[in-house]
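Visitor: I have a structure here, written as structure tokens, and I will follow up with some questions on it.
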Amino acid sequence: MKRQEIITCLQKILDAEQINTNQEDLYDASADRYKKYAKARNVLDVPMPVAIVYPYNTEEISKLLKLCNTHQINVIPRAGKTATEGGLENWKEETIVIDALHLNRIIDIDTYNMQATVEAGVPLQMLEDELRELGFTTGHSPQSKPVAKYGGLVATRSIGQLSTYYGAIEDMVVGLECVFPDGQICRIKNVPRRSGGPDIRHIAIGNEGALCYITEVTVKIFTFHPQNNKFFGYLVKDIDTGIRVLREVVVNGFHPSVARTYSEEDAAQHFYHFHRGHCVLLFMAEGPKGIVDATSEAIEAAVALHKAGIIEQVDSVLIEDWFNNLNWSQQDIDDEFEGMKEHDAHAGYTTEISADWKSIPVIYHNVIKRIREEYPRAHDLTMLGGHSSHSYINGTNMYFVYNYDIHCAPQDEMRIYHHPLQKIIVEETLKLGGSMCHHHGIGKFRNEWTQAEHGSAYYMLEKLKSAFDPNGIMNFGTIFYQEEGHKFQQ
Ligand SMILES: Cc1cc2nc3c(=O)[nH]c(=O)nc-3n(C[C@H](O)[C@H](O)[C@H](O)COP(=O)(O)OP(=O)(O)OC[C@H]3O[C@@H](n4cnc5c(N)ncnc54)[C@H](O)[C@@H]3O)c2cc1C
């Protein structure tokens, strides 16, 4: 279908004000933060979508998906636009972006059954603010909290800073509504638990817009006790000590809301005013007073047990202060982008992986060693380190962080600088049985490793794609490797 024909078809479903063909907006919609430097320098090498559309309800989305399915038009679902792995990047000439802008209603806050229902375009901050007024919280606090919206949070399996206490988004989603490419609307009801076959919520949760469009979500809510919050911070000799203390606390059954340890280099970025060249370990205990007291005792006991690796305790006010200034606003995101337009020829990226307790320090050291020895642009690296920020009974994550000065054409940055770094991190993780993606999703830029990530279980993932999206119209190239998209990949 030609671009104008697509627009004519869209006009039969939507009003004119719901169809955006402004060239600047289409350029913006053709990539996300993954290619922020090339995007800022106006040299993106991907096609622009035909239009961005703003449906008001599920029925309009169903009609749009049916249209796209019939005419092989690629669809990119969009919510808060904070995607980091290319989930919003466009690799097809014939694409429409379905933006959740008008799906912005908080439908219900039920404080007796402890759940809230929202449309996919509701910003997390909006629900959090409403709940706080009532003495409750979502418990979800990703760094993108002021900007990200529920559709995107659920579609990427996001996780917040308080995950060790409240869980990640998949622990919070009770039920949801979603629409498949053939127009089928499915509502998964809200029950505390059931054993009615496989848990089909997980077909939508984490689908990154590659299987269905999420229109509505019901999440658990929690009572909020900020007056009880306690913060703990320590300088530690090495990241291995930090990881051992995290493990000690978590395997003994305690759930501090924040439990993190930073390498020296990463600590220097976050705690420049007190790290003194050391690694940092920190905790926040949250919840009813009895829980906070017990958790605090467990933290102190774990630190005492590993005292040989602890340099000193830091003032808890410094940790509280850090926590209160951690999130990124839309202004912060815009400022970074504006800076890249003309002045800043450097970039910062992250790759977050997970593995069991034994493997995680090994992966960390192997990655750092390999990058230092093999990475051809090591001389341009201005920072390389990482932190563990989400822990579980059987392991934890590692969030590799790297910054570099860019000395190449903007359109070559990903190929020359980013891809070789990410490749080392992914290879070292998969080698030891870890996961190459803890919470940012696969997007389009880790799809070359999706099969390796899942091994023999890739069969199941592939079947979902062919069953629910047989014409391949949902977010082409996301999660699933596509030969045709390879030219845009690195
Ligand atoms: C500064 C910053 C900090 C961040 N911190 C965190 C963090 O702490 N934890 C974390 O987990 N992530 C974090 N992220 C990553 C990002 O915020 C999350 O992945 C977030 O969940 C994306 O939500 P969004 O509303 O912005 O979605 P978008 O960016 O709009 O979309 C993300 C993906 O979801 C798909 N999608 C969007 N809406 C729908 C829908 N309705 N149905 C189906 N698919 C859909 C899109 O196609 C895309 O693939 C951060 C990002 C930034 C920029």
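Visitor: Could you pull out every Cys in the chain that lacks a partner Cys with its beta carbon under 4.7 Å away?
Guide: Flagged as lacking a Cys partner: 9, 68, 186, 279, 408, 437.
Visitor: With the cut-off at 1.5 for a/c, could you classify segment 374-466 from its C-alpha gyration tensor as rounded, prolate or oblate?
Guide: Values: a/c = 2.45, a/b = 1.45, b/c = 1.69.
Judged from the Cα gyration tensor, segment 374-466 comes out oblate (a/c at least 1.5, b/c at or above a/b).
Visitor: Same structure, new question: Could you state the number of Å between the C-alpha centres of segment 362-409 and segment 185-234?
Guide: 30
Visitor: Determine ³J(HN,Hα), in whole Hz, for all residues of segment 271-280 in sequence, where each value follows from phi through the Karplus function 6.51 cos²θ - 1.76 cosθ + 1.60 and θ = phi - 60°; x replaces Gly and Pro.
Guide: 10, 4, 7, 8, 6, 6, x, 10, 6, 10
Visitor: What does DSSP give for segment 1-122 in terms of the percent of beta bridges that are antiparallel, rounded to the nearest 5? Kindly include the intermediate steps, with their values, before the conclusion.
Guide: Details: 6 of 14 bridges.
Antiparallel bridges: around 45 percent, rounded to the nearest 5.
Visitor: Just read off the accessible area of residue 157 with the full protein assembly in place, 1.4 Å probe, to the nearest 10 Å².
Guide: Number for this one is 90 Å².
Visitor: Based on the Kirkwood radius over alpha-carbon pairs, what value in µm²/s does the Stokes-Einstein equation return for the translational diffusion coefficient of segment 308-434 at 37 °C and 0.692 mPa s? Show your work: numbers first, answer last.
Guide: Numbers: Rh = 16.7 Å.
In µm²/s, the coefficient rounds to 196.
Visitor: If each residue of separation counts as 0.36 nm, what is the full-extension length gain between residue 45 and residue 451 once their alpha-carbon separation is subtracted?
Guide: On the way: separation 406, 0.36 × 406 = 146.16 nm, distance 2.62 nm.
This chain segment gains 143.5 nm when fully extended.
Visitor: In segment 356-421, what trypsin sites (Lys or Arg not before Pro) fall in a loop by DSSP, with at most 14 other Cβ atoms inside 10 Å? Walk me through the intermediate numbers first.
Guide: Numbers: sites: 358, 369, 370, 372, 377, 415; in loops: 358, 377.
Hits after loop and neighbour filter: 358.
Visitor: Across 10 Å bins from 0, what is the distribution of all Cα-Cα pair distances for segment 196-260, in whole percents?
Guide: Per 10 Å bin, starting at zero, the Cα-Cα P(r) for segment 196-260 comes out as 13, 27, 24, 29, 7 percent.
Visitor: Would you calculate the convex hull of the Cα atoms in the chain and tell me its volume per residue in Å³?
Guide: Numbers: hull volume 71.6 nm³, N = 490.
Output value, Cα hull per residue: 146 Å³.
Visitor: Right, here's the next one. Pull up all non-local amide H partners of residue 157: gap of 5 or more, or a different chain, and H-to-H distance under 5 Å with H placed in the peptide plane.
Guide: So residue 157 has HN proximity to 206.
Visitor: Between residue 486 and residue 20, what FRET efficiency comes out of the Förster formula 1/(1 + (r/R0)^6) with R0 = 35 Å and r the beta carbon distance, rounded to 0.05? It would help to have the intermediate numbers written out before the result.
Guide: Numbers: r = 29 Å, r/R0 = 0.84.
The pair residue 20/residue 486 has a calculated efficiency of 0.75.
Visitor: Starting at the first residue of segment 421-438, write each ³J(HN,Hα) from the Karplus equation 6.51 cos²θ - 1.76 cosθ + 1.60 with θ = phi - 60°, in whole Hz, x for Gly and Pro.
Guide: 5, 5, 4, 4, 4, 5, 4, 5, 6, 5, 4, 9, x, x, 9, 6, 9, 7
Visitor: At R0 = 41 Å, how high is the FRET efficiency between residue 315 and residue 93 if r is their beta carbon distance? Nearest 0.05 is fine. Mind showing how you got there, number by number?
Guide: On the way: r = 57 Å, r/R0 = 1.39.
Given R0 = 41 Å and the Cβ-Cβ separation, E is 0.10.
Visitor: May I pose another question? If each of residue 458 and residue 223 carries a label point 7 Å out from its Cα toward its Cβ, how far apart are those two points in nm?
Guide: In this crude spin-label approximation the distance works out to 4.9 nm.
Visitor: Now, a different point. Which whole-Hz couplings ³J(HN,Hα) result when phi for each residue of segment 445-462 is put into the Karplus expression 6.51 cos²θ - 1.76 cosθ + 1.60, θ = phi - 60°, listed in order with x for Gly and Pro?
Guide: 9, 10, 5, 5, 10, 4, 5, 5, 4, 8, x, 5, 6, 4, 3, 5, 5, 5
Visitor: Moving on. List the residues whose amide H sits under 5 Å from the amide H of residue 314, counting only those 5 or more places along or on another chain, with H placed 1.01 Å from N in the peptide plane.
Guide: Under 5 Å from the amide H of residue 314 lie the amide H atoms of 233, 234, 235, each far enough along the sequence or on another chain.
Visitor: For a quick check: with amide H placed at 1.01 Å from N, whose amide H comes under 5 Å from residue 396's, ignoring anything fewer than 5 positions away on the same chain?
Guide: Sorted by chain and number, the residues that satisfy this are 355, 357.
Visitor: At 0.36 nm per residue, minus the direct Cα-Cα distance, what do residue 72 and residue 411 gain on full extension? Give it in nm, one decimal, please.
Guide: On the way: separation 339, 0.36 × 339 = 122.04 nm, distance 2.88 nm.
Extending this stretch completely gives an extra 119.2 nm.
Visitor: Would you list, by chain and number, the lysines whose Cα falls below 18 Å from the Cα of residue 423, excluding same-chain residues fewer than 8 positions away?
Guide: Hits, sequence-local ones excluded: 35, 369, 431, 444, 487.
Visitor: Each label point is 7 Å from the Cα along the Cα-to-Cβ direction; what then is the distance between the points at residue 170 and residue 56, in nm?
Guide: 3.7
Visitor: At 25 °C and a viscosity of 0.890 mPa s, what translational diffusion coefficient does Stokes-Einstein give for segment 38-142, taking Rh as the Kirkwood radius over Cα pairs? Give it in µm²/s as a whole number.
Guide: On the way: Rh = 16.0 Å.
Rounded, D is 154 µm²/s.
Visitor: Would you please name the GluC sites (Glu not before Pro) within segment 69-120 that are DSSP coil residues with at most 16 other C-beta atoms within 10 Å of their C-beta? Before the final figure, lay out the partial values.
Guide: Numbers: sites: 85, 89, 93, 94, 119; in loops: 85, 89, 93, 94.
In loop regions of segment 69-120 (DSSP not H, G, I, E or B), the sparsely surrounded GluC sites (Glu not before Pro) are 93.
Visitor: Now for a separate question. Starting from the Cα of residue 273, move 7 Å in the Cα-to-Cβ direction to define the label point; list residues of segment 321-337 whose amide nitrogen is under 17 Å from there.
Guide: Counting backbone N atoms under 17 Å from the label point, the list is 321-327.
Visitor: Could you order peptides 216-222, 300-306 by the average number of other Cβ atoms within 10 Å of their residues, highest first?
Guide: Values: 216-222: 22.6, 300-306: 15.9.
Answer by packing, highest mean first, reads 216-222, 300-306.
Visitor: What length, rounded to one decimal in nm, is gained on full extension from residue 343 through to residue 7, with 0.36 nm per residue of separation minus their alpha-carbon distance? Display every interim value, and only then the final one.
Guide: Details: separation 336, 0.36 × 336 = 120.96 nm, distance 3.77 nm.
Full extension from residue 343 to residue 7 adds 117.2 nm.
Visitor: A 31 angstrom limit on the alpha carbon distance is what I want to check against. Which of 149/341; 145/230; 63/341; 149/237; 12/36; 39/463 exceed it?
Guide: Details: 149/341 26 Å; 145/230 22 Å; 63/341 38 Å; 149/237 39 Å; 12/36 35 Å; 39/463 34 Å.
Pairs exceeding 31 Å: 63/341; 149/237; 12/36; 39/463.
Visitor: Segment 160-237: D in µm²/s via Stokes-Einstein (Kirkwood Rh, Cα pairs, 10 °C, 1.306 mPa s)? Before the final figure, lay out the partial values.
Guide: Working: Rh = 15.2 Å.
D, rounded to a whole number, is 105 µm²/s.
Visitor: Along the Cα-to-Cβ line of residue 394, 7 Å from the Cα, sits a label point; which residues in segment 329-360 have backbone N less than 16 Å from it?
Guide: Of the residues in segment 329-360, 354-360 have backbone N under 16 Å from the label point off residue 394.
Visitor: Taking loop as defined by DSSP and a crowding limit of 11 other beta carbons within 10 Å, which chymotrypsin sites (Phe, Trp or Tyr not before Pro) in segment 82-186 fit? Please report the intermediate quantities before stating the final value.
Guide: Values: sites: 91, 112, 136, 150, 165, 166; in loops: 91, 112.
Here the sparse-neighbourhood loop sites are 112.
Visitor: For a quick size check, give me the Cα extents of segment 92-216 along its three principal axes, largest first, whole Å.
Guide: 46, 35, 26
The values are calculated or read from the model by the stated rules, or taken from the named source; none is laboratory data. Everything numeric in this text was worked out from a predicted model, so none of it was measured. Backbone-built Cβ (ideal geometry, glycine too); neighbour counts: all protein chains shown. Protein only, heavy atoms only, side chains kept; ligands, DNA and RNA dropped before computing areas. Shrake-Rupley method; radii C 1.70, N 1.55, O 1.52, S 1.80 Å.
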